[in-house]
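The values are calculated or read from the model by the stated rules, or taken from the named source; none is laboratory data. Please read all numbers here as calculations on a predicted model, not as lab measurements. Positions of Cβ are backbone-derived with ideal geometry, glycine not excepted, and every protein chain shown enters the neighbour counts. SASA here: full protein model, heavy atoms, side chains in, ligands and nucleic acids out. Shrake-Rupley method; radii C 1.70, N 1.55, O 1.52, S 1.80 Å.
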Amino acid sequence: MDKTVENVMEEFPSFIDMVPECDRSTNEQLTTMQVNVGYKCNLACRHCHLACGPQRTECMDRSVMQACLDAYEKGGFSAVDITGGAPEMHPDLEWFLRQWQARGVRPIVRTNLCILTDPEYSHFAQLYADVDATLFASLPYYSARNVDKIRGDGTFVASIEGLRKLNEVGYGEGGRPITLVYNPPTATLPPDQASMEAEYRRRLTADFGVSFTNLVAITNNPSGRFAEALNKKGNLESYMKRLIGAFNPATTASMMCRDQISVDWQGNLYDCDFNQALGIKTADGKTIFDLAKERPSTRPIQFANHCYGCTAGAGSSCGGETA
C-alpha cells in the first residue's frame, strides 16, 4: 500500500522535541499580521503549498477584512502582509489597500508578477505605487526554463514584463522596495541568499534591463502540492531526511511563527501560512474577530514535522533566511 504524505511525515522524529522550551511559544508582542485574502490565482504552481489556482473560489469578505483592520490597531502590530492566491484577483483588494493607506500603514503585498500583464489587473502596478506598498514578488529563477517548468509555459516572460511595469512606476533599485522571492526548482535547500541575490541582479540587469531592491531565498516547505509531488515520485522521505540533517538550532528563536499571525479568508487564525495550508489552527482557537476586540496573548505554537522546512540550513521564513 502506497504511503500518504501524512504517513511519511509521521515516520520522522517529532519536530517539537527539537525546539527548546523557551522557543515553543509566541513572543509577547506579535509584529506581523499576514492576511490571506483567498486562494484564487491565475497560476497553479507546482510548489504551491496552498494549492491555489484559477478554479479556487475562496474569497475573504469585507467583514473579515474590517476585523483585520481593527485587530491590527488593537494588537499593536507593525506590519501587515497581504497574500493569496493572487491578491489582485480579490474584488475588494483596492478597497483593502486604501483602508490601510488611510490608517498610515504601508502594506506588504505579495504578487506573482505575471498577473500584472493581464489587462484586467494591470492597473495594480500604479495602485501599489499610489498606496506606497512594499512588494514581495515571486520569481523562482532568472531564466525561462526553470520558471516555466514550475509555473507553466510563458510565465517567465510575463514575470519579466510584470517586473518591468513595476520599474516604470518607481519600484526597483534606488526606488520603492520590491523584494524578489526565490524557491529552489528541485528538492534541495536554497543556496546562500546573498550570493543568489548577486546572481539575480547580474542576470536580470544584463539580460532584461530590469531591477529589484533585494532578494530572499525560501525553502520549499514539505506540504501542499510540493509534498504530494515528492511523495508520488518516492522522494518525500529523502527530502525530509535532507531537511532534518540540516536542522540548525540557531533558527528556532527567530522562527516566523513566534512573532506573526496568519489569517485565512474566513478569519481563522494560524501560527503561519504553512499551518493554514494544513488546517492547523492556533492552540487557543481564536479568530480574527476575537483579536478585533482583545489584544493577542502569548500562546503555545502548533508545531508539526513540516516545520523542519523552516529550520534547515540558514532557516526560512516569508522574509527569507532567519539565521
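Here are the numbers for the structure shown:
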read-out	value
Residue tally, condition in a helix (DSSP H, G or I) and not polar (S, T, N, Q), over the stretch 116-168	25
Residue within the stretch 223-232 that is outside any helix (DSSP H, G or I), touching a residue at least 24 places away in the same chain (Cβ under 8 Å), surrounded by 14 or more Cβ atoms within 10 Å (Cβ to Cβ) and under 18 Å from the mean Cα position of the chain (by Cα) present	yes
Any chance Phe124 is crowded, with 18+ Cβ neighbours inside 10 Å and touching a His at 6+ places or on another chain (Cβ under 8 Å)	no
Residue selected from the stretch 77-101 under the condition part of a helix (DSSP H, G or I) and open to solvent by less than 10 Å² (accessible area, probe 1.4 Å), by the criterion farthest from Leu291 (Cα to Cα)	Glu88
Some residue of the stretch 290-305 being within 20 Å of the chain's Cα centre (by Cα), over 16 Å from Ser25 (Cα atoms), touching a residue at least 40 places away in the same chain (Cβ under 8 Å) and not in a helix (DSSP H, G or I)	no
Residue in the stretch 26-47 that is over 23 Å from Ile218 (Cα atoms), at pLDDT 95 or above and in a helix (DSSP H, G or I) present	no
Candidate set from the stretch 181-209 (those that are touching a Ser or Thr at 6+ places or on another chain (Cβ under 8 Å), closer than 15 Å to Glu321 by Cβ and not β-branched (Val, Ile, Thr)); member that is most open to solvent (accessible area, probe 1.4 Å)	Leu189
